[in-house]
Amino acid sequence: VGFAVAGIHAAMLLRKPNAVFHRRALGLALPVGCVAACLQLVSGDIAAKQVAENQPIKLAAMEGHWETERGAPLRVLGWPDEADEVTRWSIDLPKGLSFLAFGDFDAEVRGLKEFPREERPPVAVVHVAFQVMVMCGTAMLGVAALAGWLKIRRRVLAEVRWFLKMVVVASPLGFIAIEAGWVVTEVGRQPWVVQDILRTADAVTPMPHLAVPFVTFSLLYLVLGVTVVV
């Protein structure tokens, strides 16, 4: 939210560089976004370690990790091939996953092959969503680092046009990261509603005639969305 608000005021400053209101608003919103981006490293690390301990199959899907091994690599990008049980075209950082998940470069990380196929989530969806989330977070962290560097050099952020353009581009990244993270959470726990206890297929309640309210609510939110934008 900090980056989204900062992006709005950065866009206005590109149009009206001397607007005092937008200068002050940028000075409030951008620090909030930058500090939150830095703290996200801490909360993300805590969450990842909890997933590693309690939902090893979700961790394996997030990373496209197929083989159980010690010193497991951290995979950047790549596309999981579920038929051949391999992640193609990834950049592997040696022992990175073991360290990030357990704080030990030689820790054992369970792979997807250790679990039956019917208990695995859609690996490609989870892996790609996780990569999108991480890339958005990294980009915002980069903007925060640039902001700090410019402040150290005693530059006025509201007057650095290339930086303002960067803030505008970064403005939706927090929301994209949230949605991608939600995909990781919800798709990554499939096929379970309650891990190892209740399957989604057994929990879903049949409910006919949902087309009318679905279309009605969709149209309502479409009208509200257009109204907000206008």
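Treating only the Cβ of Lys, Arg, Asp and Glu as charged (+1, +1, -1, -1), what charge dipole size does the chain show about its Cα centre? Round to the nearest 20 debye. Mind showing how you got there, number by number?
Values: 22 positive and 21 negative charges, 377 e Å.
Here the size comes out at about 1820 debye.
Taking K165 as the anchor, which lysines have their alpha carbon closer than 29 Å to its alpha carbon, excluding any fewer than eight residues away along the same chain?
In chain and number order, the partners are K16, K151.
Roughly how many nanometres apart are two label points built 7 Å out from the Cα toward the Cβ at A201 and A124?
Distance between the two pseudo-spin positions: 2.1 nm.
Cβ under 10 Å from S98's Cβ, S98 left aside: what net charge do those residues give with Lys, Arg +1 and Asp, Glu -1?
Spelling it out: positives minus negatives among the neighbours equals -2.
Can you give me the C-alpha center-to-center distance between the range 1-58 and the range 129-155, rounded to a whole angstrom?
9
Kindly identify the chain as rounded, prolate or oblate by the Cα gyration tensor criterion: order the square roots of the eigenvalues as a ≥ b ≥ c, call it rounded if a/c is under 1.5, otherwise compare a/b with b/c, prolate if a/b is larger, else oblate.
It comes out oblate by the Cα gyration axes.
Using the alpha-carbon atoms, what tilt in degrees (0 to 90, nearest 10) does helix 173-188 show relative to the longest principal axis of the chain?
10
Pull up the cross-link candidates among the lysines for K113, meaning alpha carbon to alpha carbon under 23 Å and not fewer than 8 places away within one chain.
Excluding near neighbours in sequence, the set is K49, K58, K95.
Using the Cα centre of the range 20-136 as the reference point, and only Cβ charges (+1 on K/R, -1 on D/E), how large is the resulting charge dipole? Debye, rounded to the nearest 20. Display every interim value, and only then the final one.
Details: 12 positive and 16 negative charges, 155 e Å.
I would put it at about 740 debye.
Taking Cα pairs under 8 Å and at least six residues apart, what relative contact order does the chain come out at, in percent?
23
Quick one: pull the percent of accessible area on the range 103-230 belonging to carbon and sulfur, 1.4 Å probe, ligands and nucleic acids left out.
Within the range 103-230, the accessible surface is 70 percent carbon and sulfur.
Relative to the present Cα-Cα distance, how much length would full extension add between A83 and E159 at 0.36 nm per residue of separation?
Taking 0.36 nm per residue and subtracting the Cα distance, the gain is 22.1 nm.
How big is the gap, in Å, between the Cα center of the range 214-230 and the Cα center of the range 84-99?
42
Find the relative contact order for the range 3-94 and round it to a whole percent, using C-alpha pairs within less than 8 Å whose residues are 6+ positions apart.
17
Got a sec? Charge dipole of the chain, +1 on Cβ for Lys and Arg, -1 for Asp and Glu; which of H127, F163, S90 is way out at the positive end?
In the chain, that residue is F163.
The values are calculated or read from the model by the stated rules, or taken from the named source; none is laboratory data. For clarity, every value in this text was computed on a predicted model and none was experimentally measured. We place every Cβ from the backbone using ideal geometry, glycine too, and count neighbours over all the protein chains shown. For the accessible areas, the whole protein counts, side chains as well, though only heavy atoms, and no ligand, DNA or RNA atoms are used. Shrake-Rupley method; radii C 1.70, N 1.55, O 1.52, S 1.80 Å.
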